[in-house]
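Heads up, the thing below is written out as structure tokens.
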Amino acid sequence: MNNLLTDIAGVRVGHAEDAKIASGVTAVVFDQPAVAAIDVRGGGPGTREDALLDLANTVERVDAIALSGGSAFGLETGGGVQAWLAEQGRGFRVREALIPIVPGAILFDLLNGGDKAWGRFAPYRDLGYAAAASAAASDFALGSVGAGFGATTATLKGGLGSASAVTSSGARVAAIIAVNAVGSVTVGDGPWFWAAPFEVAGEFGGRGLPNAFTEDMLRMRIKGGPAAAERENTTIGVVVTDATLTKPQAKRLAMIAHTGFARAIYPVHAPNDGDVLFAAATCEKPVEPLVGLTELGMVAANVVARAIARGVYSATALPFPGAQPAWKDRFG
């Protein structure tokens, strides 16, 4: 176990970034199609193929999931991932045709200081292809990489995080999250992460929580203050398990795991957030459908909270005037 999404066998992760535009993408690629569902909690989401994941619809499995910066421009990332998969002969078969199934979600990073004058076409399709082509079933970088490259939060530089765990029955569950929240992942103006109760082995600094919570610590801190605008934010991610789940069970896993956002971000699921969480199952191990699935969701929520904190803890500041400081810039 490396405390990463790739602790789930058959899952690969690849990043691609453009430092000039201060944005990037992340591709989660499955060696075999995975059962998948989606849960949307934010008020300003941007998604691709989300209708496909509705429980009433036919397709149950996906080949990859695309996470991207760029707001609506970043929805093209999925096309790049799809192109790479098509070259590998992957996809949903309709007689002689193969259609790679690539849902995705985007976050807003258009005002972070990068040069977004990219010309007629945004670069996200090509970045998506590059991320898929580089995806590997091994260690991958965290922080200001991939879809978290240009991410920010209310108080500190955002980033991309990951974490994993094992349930009491032996099922593995892991998450990858790009943190670009309207709220804050730290308590007040201090170094403490809201997700501290779930931290494992000092993975995001080991600072714990403050001895007491003051009124100021509980004051709302949001990106842009009272002038925060729609779609300037979003935390997006994927939680994956090797448990055997149906599509409705994957939906329930996404719903329970989404509570990890509330354990790590304050406030969360705001009108100007676009919070989205995908859940996917590689279906290698049976899980009891009531208590077993409940425990799986509980552990997944903890993993999501940890991944959010790790993303901010691992981030580095963008090299632009007025850029947000990283956690390590302020607190070591």
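Give the calculated FRET efficiency between Arg93 and Asp31 to the nearest 0.05, with a Förster radius of 25 Å applied to their Cβ-Cβ distance. Each step should come with its number before you reach the end.
Numbers: r = 17 Å, r/R0 = 0.69.
Once rounded, the FRET efficiency stands at 0.90.
Considering Cα pairs under 8 angstrom that are at least six residues apart, work out the relative contact order of the chain and quote it in whole percent. All intermediate terms of the calculation are to be shown ahead of the outcome.
Working: 973 pairs, mean separation 82.0, N = 332.
It comes to 25 percent, rounded to a whole number.
State the dimensionless ratio Rg/Rh of segment 1-83 (Rg: radius of gyration of Cα atoms; Rh: Kirkwood radius).
Working: Rg = 13.9 Å, Rh = 14.2 Å.
Taking Rg over the Kirkwood Rh, I get 0.98.
Find the lysine pairs in the chain meeting two conditions, Cα atoms under 30 Å apart and a separation of 8 or more places or different chains, and report how many there are.
Eligible lysine pairs with Cα atoms under 30 Å apart amount to 13.
For the chain, build the charge dipole from Cβ charges (+1 Lys, Arg; -1 Asp, Glu) around the Cα centre, then report which of Ala305, Ala130, Leu293 sits farthest towards its positive end.
Value computed over the given set: Ala305.
Over segment 1-114, with every protein chain in place, what whole percent of the accessible area is carbon and sulfur at 1.4 Å, could you tell me?
Numbers: 2210 of 4480 Å².
Of the solvent-accessible surface of segment 1-114, carbon and sulfur hold 49 percent.
What whole-number value in Å² describes the accessible area per residue of segment 8-130 for a 1.4 Å probe?
On the way: 5300 Å² over 123 residues.
Result: 43 Å² per residue.
Report relative contact order for segment 1-112 in percent, whole number only (criteria: Cα-Cα under 8 Å, sequence separation at least 6). Each step should come with its number before you reach the end.
Values: 198 pairs, mean separation 28.6, N = 112.
Reported as a whole number, the value is 26 percent.
Report in % the part of the accessible area of segment 176-310 that belongs to carbon and sulfur, leaving out ligands and nucleic acids; probe 1.4 Å.
Numbers: 3010 of 4990 Å².
It is 60 percent, rounded to a whole number.
Using DSSP H assignments, which helices in the chain have an axial alpha-carbon span of 24 Å or above and a mean Kyte-Doolittle hydropathy of 0.5 or higher?
For the chain, where a helix must reach 24 Å along its axis and average at least 0.5, the hits are 291-313.
Just report the Cα centroid separation between segment 1-47 and segment 296-332, whole Å.
16
With point charges of +1 on the Cβ of Lys and Arg and -1 on the Cβ of Asp and Glu, referenced to the Cα centre of the chain, which listed residue (Ala175, Ala326, Thr26) lies farthest in the positive direction of the dipole?
Farthest towards the positive pole: Ala326.
Can you list the residues of segment 72-86 with backbone N under 16 Å from a point 7 Å past the Cα of Phe320, pointing along Cα to Cβ?
So the set is 72-74.
Taking only Cα atoms and a 10 Å spring cutoff, compute GNM fluctuations for the chain and point out the largest among Thr77, Thr246, Thr235.
Residue with maximal mean-square fluctuation among Thr77, Thr246, Thr235: Thr246.
The values are calculated or read from the model by the stated rules, or taken from the named source; none is laboratory data. On a predicted model such as this, the values are computed, not experimentally measured, just so you know. Heads up, the Cβs are rebuilt from the backbone with ideal geometry, glycines too, and the neighbour counts pull from every protein chain shown. For the accessible areas, the whole protein counts, side chains as well, though only heavy atoms, and no ligand, DNA or RNA atoms are used. Shrake-Rupley method; radii C 1.70, N 1.55, O 1.52, S 1.80 Å.
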